[in-house]
Amino acid sequence: MSGKLLIVGFGPGNFEHITERAKEALQESDMIIGYKTYVELIQGLLSNQQVISTGMTEEVTRAQEAVKQAEQGKKVAVISSGDAGVYGMAGLVYEVLVEKGWSRKDGVEIEIIPGISAINSCASLLGAPVMHDACTISLSDHLTPWTLIEKRIEAAASADFVIALYNPKSGRRTRQIAEAQRILLQYRSPDTPVGLVKSAYRDRQNIVITNLKEMLEHEIGMLTTVIIGNSSTFLYDDLMITPRGYQRKYTLNETKQPLKPHQRLKKEAEPWALSQEEAAPAVEEKEEEKVKEVEKISSREIAEKALSLVTGKEEQTTFEKVTAKMESIFELAVSPGLVSKKFTPVQLTTIAEIAGEKGSIEYTPDHQIRLEVPTAEPEKVTKRLSEVGLLLAPVGDVLTMKACDFCDGEKKDSIPYAEELQERLGGVNMPKVTKIGFNGCGMACYRAVQDDIGIVYRKGKFDLFLGAKTVGRSAHSGQPVAEGISPEKIVDVVEGIVDEYREKGHPNESFFKFFKRVKEVGGFVYQDVTPKIKIEPTPCGD
Ligand code: SAH
């Protein structure tokens with residue numbers, strides 16, 4: 001009779017969550033080796049197997065004993081809670097075998113039987129906190145130097161992983177969890193949701209939902225797993241939920257969020273994605289299309305369908321209710337006004353208050369402050385900002401008006417035209433972000449000639465520049481296309497140009513590229529103004 005090692009992960013601890021194979025493995029073994037608390041947990045699944053139970057710290061002895069017994073011809077089950085390959089006995093048994101020069105071909109047979117690890121069992125009791133990229137970190141510095149554990153916590157915290165902390169605390173090890181909290185707070189908000197699950201699926205199961213700041217006020221022990229949410233994890237009805245992705249961004253001129261499944265992985269919707277879905281083929285291959293349609297159904301749609309089957313209702317699914325309450329990142333641009341470049345103290349304080357600790361405030365090259373605020377109520381944000389007299393604008397592929405300060409309002413004759421343009425065109429959707437520069441005198445010190453459409457007021461009339469290219473080696477100003485346009489006409493002329501570009505421009509095509517491609521816009525003809533520069537080689541020849 002040849003021996004065998006069966007390394008069994010028995011899951012969280014109740015019989016419903018242990019696999020069939022694990023149960024069989026226990027039954028077919030002659031001998032069970034494990035930590036005594038674990039042996040007690042699975043006692044009900046044993047018949048007449050010999051049991052060797054040892055203390056917690058005697059893992060190496062257990063592994064050595066198991067190998068010895070198997071080599072003598074016994075079928076030996078070594079048990080671990082959860083999964084034996086996650087801070088369990090599997091690696092240790094292999095280490096003992098390796099030390100003995102074991103090989104797969106000639107050595108004793110070994111089978112690892114997977115189990116449900118604490119990260120999964122505990123997550124299931126908390127809601128769906130894991131969902132996205134996650135990691136496990138054991139806070140036990142018994143076999144791992146604390147300096148390394150610290151590094152891992154920091155790396156995971158900074159990369160926004162959901163984190164499951166195993167072995168968070170024991171009678172002797174109490175400082176580690178406090179240190180972990182301190183590091184996490186450097187990267188995550190104090191109100192990041194945290195779940196504490198003690199003895200999942202065992203008699204003394206206890207579940208606490210708390211946050212990063214307050215987590216230490218609750219009981220944490222040897223049998224607890226601590227799950228720390230990522231920056232988008234939210235609480236709903238005492239459940240911790242981590243969304244599947246980070247696409248919950250919306251801006252001023254969009255009313256409905258989040259993205260519908262068919263919009264995902266389209267370049268304009270998820271610009272950060274590495275590979276973008278190809279545009280749907282025009283070819284009519286019906287069967288293939290059908291398969292593709294099926295593949296396109298997202299897990300959310302499946303979940304919604306399942307729910308509607310259970311409730312018999314098609315209207316608002318729970319997911320829609322959840323997402324309605326869910327915080328999304330609201331993006332918008334604010335400025336003191338079209339002409340004014342001066343913020344009042346109240347405006348600045350309001351911006352700071354709205355951004356709070358979680359939002360961000362960025363100063364852009366377009367004389368705007370770009371705000372990113374996590375909120376479930378964007379209307380409240382816009383109301384407060386408007387009340388203090390700020391000019392709000394959407395961000396993204398929209399039209400932005402950039403006027404000068406008209407020498408602090410002294411050269412005010414052309415201001416009404418700038419305001420009318422802003423009124424008619426500010427914030428409209430464009431093929432690509434488009435800037436109109438509007439300057440109130442021939443100095444053009446706010447550099448209207450460097451914008452997609454440049455308008456300069458001079459001697460009571462307007463000069464017009466089109467198609468500046470501000471990036472790349474062939475950067476150049478806009479080409480002057482007209483001088484002396486009368487004030488009554490300027491707004492219509494510019495609107496005509498914008499409309500044509502909106503209508504005929506390809507998605508993501510800059511105004512310069514569009515003008516160059518179509519050769520004529522608003523009746524103005526494109527001329528190549530690309531500078532012909534000969535670039536001298538550097539003296540050292542490279
Ligand atoms: N092999 C096990 C982990 C062993 S390390 C697994 O895969 O789950 C021991 C740690 O696991 C404990 O400190 C606790 O953090 C976690 N743990 C194991 N079983 C658990 C349970 N039923 N409930 C909560 N946490 C558990």
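The values are calculated or read from the model by the stated rules, or taken from the named source; none is laboratory data. Just so you know, these numbers come straight off a predicted model, no measurement behind them. When we count neighbours, we look across all protein chains shown, and the Cβ atoms used for this are built from the backbone with ideal geometry, even at glycine. Accessible surface is based on the protein model in full, side chains and every heavy atom, while ligands, DNA and RNA are left aside. Shrake-Rupley method; radii C 1.70, N 1.55, O 1.52, S 1.80 Å.
The table below lists the values:
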read-out	value
Alpha carbon centroid spacing (whole Å) that separates the range 119-158 from the range 42-96	25 Å
Burial order of peptide ranges 73-80, 207-214, 26-33 (average beta-carbon count within 10 Å, highest first)	73-80, 26-33, 207-214
Derived scalar couplings ³J(HN,Hα) [the range 219-233; Karplus, 6.51 cos²θ - 1.76 cosθ + 1.60; whole Hz; x for Gly, Pro]	5, 10, x, 5, 9, 9, 10, 10, 10, 9, x, 8, 5, 10, 5
Nonlocal amide H pairs with Lys432, under 5 Å, H built at 1.01 Å	Asn508
5 angstrom amide H check on Ser328, placed H, neighbours 5+ away	Thr375, Ala376
Within the chain, helix-based [θ] at 222 nm, where runs of 4 or more DSSP H residues each add -39,500 (n - 2.57), nearest 500	-9000 deg cm²/dmol
Additional length obtainable on full extension of the chain from Val525 to Glu99, 0.36 nm per residue less Cα span	145.3 nm
Distance between modelled label sites at Glu154 and Cys135, nm, 7 Å Cα→Cβ extension	1.3 nm
Relative contact order [Cα under 8 Å, 6+ residues apart], the range 416-542, whole percent	21 percent
Lys, Arg +1 and Asp, Glu -1 on Cβ, resulting dipole of the range 121-202 about Cα centre, debye, nearest 20	420 debye
Only Lys, Arg (+1) and Asp, Glu (-1) charged, at Cβ; the chain dipole about Cα centre in debye	780 debye
For the range 1-150: rounded, prolate or oblate by the Cα gyration tensor [a/c cutoff 1.5]	oblate
For Phe343, solvent-accessible area (1.4 Å; no DNA, RNA or ligand), Å²	70 Å²
Antiparallel DSSP beta bridges within the chain, percent to nearest 5	55 percent
Glu423/Ala475 FRET efficiency (R0 35 Å; Cβ-Cβ; nearest 0.05)	0.65
Sites Lys36 and Leu307, calculated FRET efficiency, Cβ-Cβ separation with R0 45 Å, nearest 0.05	0.55
Three-way shape call for the range 81-153 based on the alpha-carbon gyration tensor, with the a/c threshold at 1.5	oblate
³J(HN,Hα), Karplus 6.51/-1.76/1.60, whole Hz, each residue of the range 181-189, x for Gly, Pro	4, 4, 5, 4, 5, 6, 10, 10, 5
R0 of 22 Å, Cβ-Cβ distance Gln43-Lys68: FRET efficiency to nearest 0.05	0.40
Distance (nanometres) between label positions extended 7 Å along Cα→Cβ at His142 and Lys23	3.1 nm
For the range 514-522, Karplus couplings with θ = phi - 60° (6.51, -1.76, 1.60), whole Hz, Gly/Pro x	4, 4, 5, 6, 7, 6, 8, 9, x
